[in-house]
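Input: a single structure, listed below in structure tokens.
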Amino acid sequence: MHLKCKFDGGEFAILAELIPPKGTDVSLMIDHAQKARNAVDAFVVTDMYNAIMRMSALCSAMLLQTRGLETVMQICTRDRNRLALQGDLLGANACGITNLVAIAGEDPTFGDHRQARAVHDLDHLDLLYAINGLQSGKDMAGVDLEGRPQFLMGSTVNPGLQGQALELEIEKMNRHYDAGARFFITPPVFELDSIAAFLQRVDYRKYKIIPTLLLIKSLGMARYIDRNLKHVNIPGTLLNRLKSSKDKARETLRIAREIIRTFEDEGFCGVQISTLGGEERLAELLTSGKQSFPERSPASTEPAAIF
């Protein structure tokens, strides 16, 4: 559990989001991960991101783990009932997957199978308690397990809310912490001022808040995000930098590195890098200018056991 050791040691962890393929060809996913492996502590494998049907997070994470790449597997309450969720959790742990982040998942009407019915047999908090129960050696029916899994559990939090909505979000985060979540991943954060109210209320070292760095692809993308995504604010200074830059692709990488460095300097326990399908840029982002992003020690050079 390399990631847990990083957290326990107070070291800054680099997480990189990977979106599984929509098909059986895993070559690009593995290639992108392999190229960035020395700069990344763990790869966050998404579970039907944006309610779009893709290869399962369990299978994708297993493929990475067998290549000595540590993963954080998303597990989503939207698509499976309590039987399937518990079965996947046991299977994941047996395959060497020890890091999880529990999510609720986007509504299927936003995805590519709009006729799909969301399950939500368990809610977000119920899932965390179910995982805790498995770790104690019993399933949700109270039946003893033959071998108990052990996980580092994470959840999500939105620090960009304001007013009463922020109060409710902090209360929910506290409940998730009490249920066993030991790190919390945020939506994209481009400036700390936008989450200042949250940071004043929360010990972000104790709760291991991991802000997400969204790697912008273009000025148009930045403008769209700023106008359309709630609670995600892109400062005007950043937009102006992109507008005036002659090499916008290079400038987006420079901005991303600066934001990551800010998170580290401010004492956050890590960062999640999201490329929204642009994983081919991960290696360039993290390996150019290695003085800022030292090589990560691999969790293991041996493949994890499959059976």
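The values are calculated or read from the model by the stated rules, or taken from the named source; none is laboratory data. Keep in mind the model is a prediction, meaning the values are calculated, not measured. Here the Cβ is made from the backbone with ideal geometry for all residues, glycine too, and neighbour counts use every protein chain on show. Only protein heavy atoms, including side chains, enter the accessible area calculation; ligands, DNA and RNA are left aside. Shrake-Rupley method; radii C 1.70, N 1.55, O 1.52, S 1.80 Å.
Tabulated data
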{"read-out": "3J(HN,Hα) from dihedral phi, region 130-135, Karplus parametrisation 6.51/-1.76/1.60, rounded to Hz, x for glycine, proline", "value": "5, 4, 4, x, 4, 5"}
{"read-out": "log₁₀ of I(q)/I(0) at q = 0.12, 0.13, 0.17 Å⁻¹ - region 111-229, Debye sum with one point per alpha carbon", "value": "-0.61, -0.70, -1.00"}
{"read-out": "Full-stretch length increase - Cys5, Glu266 - with 0.36 nm per residue and alpha-carbon distance subtracted", "value": "91.9 nm"}
{"read-out": "Largest-first principal axis extents of the Cα set of region 109-178 (Å)", "value": "45, 34, 19"}
{"read-out": "Under 14 Å from Lys22, Cα to Cα: aspartates and glutamates that are on another chain or at least 8 residues apart", "value": "Asp47, Asp112"}
{"read-out": "Calculated diffusion of the chain, Stokes-Einstein form, Kirkwood radius summed over Cα pairs, 10 °C and 1.306 mPa s, µm²/s", "value": "80"}
{"read-out": "Global form of region 167-298, assessed from the alpha-carbon gyration tensor, a/c cut-off 1.5", "value": "oblate"}
{"read-out": "Net charge dipole size for the chain [Lys, Arg +1 and Asp, Glu -1 on Cβ; Debye, nearest 20]", "value": "740"}
{"read-out": "Tilt relative to the chain, helix 27-36 - C-alpha long axis, 0 to 90 degrees, to 10", "value": "60"}
{"read-out": "Antiparallel %, DSSP beta bridges [both residues in the chain], to 5", "value": "5"}
{"read-out": "Rounded, prolate or oblate (a/c below 1.5 giving rounded, otherwise prolate when a/b exceeds b/c) for region 46-94 by Cα gyration tensor", "value": "oblate"}
{"read-out": "Whole-number D in µm²/s for region 1-83 (Stokes-Einstein; Kirkwood sum over Cα pairs; 10 °C, 1.306 mPa s)", "value": "118"}
{"read-out": "Packing-based ranking, highest mean first, of 167-178, 72-83 given that Cβ atoms within 10 Å are counted", "value": "72-83, 167-178"}
{"read-out": "By accessible area with a 1.4 Å probe, ligands and nucleic acids excluded, highest first: order of Glu191, Glu70, Glu11", "value": "Glu11, Glu191, Glu70"}
{"read-out": "Angle between the chain longest axis and helix 248-265 axis [Cα atoms, degrees, rounded to 10]", "value": "60"}
{"read-out": "Theoretical FRET efficiency, 1/(1+(r/R0)^6), r = Cβ-Cβ of Gln34 and Leu276, R0 30 Å, to 0.05", "value": "0.90"}
{"read-out": "Degrees, to the nearest 10: 163-178 long Cα axis against longest axis of the chain", "value": "40"}
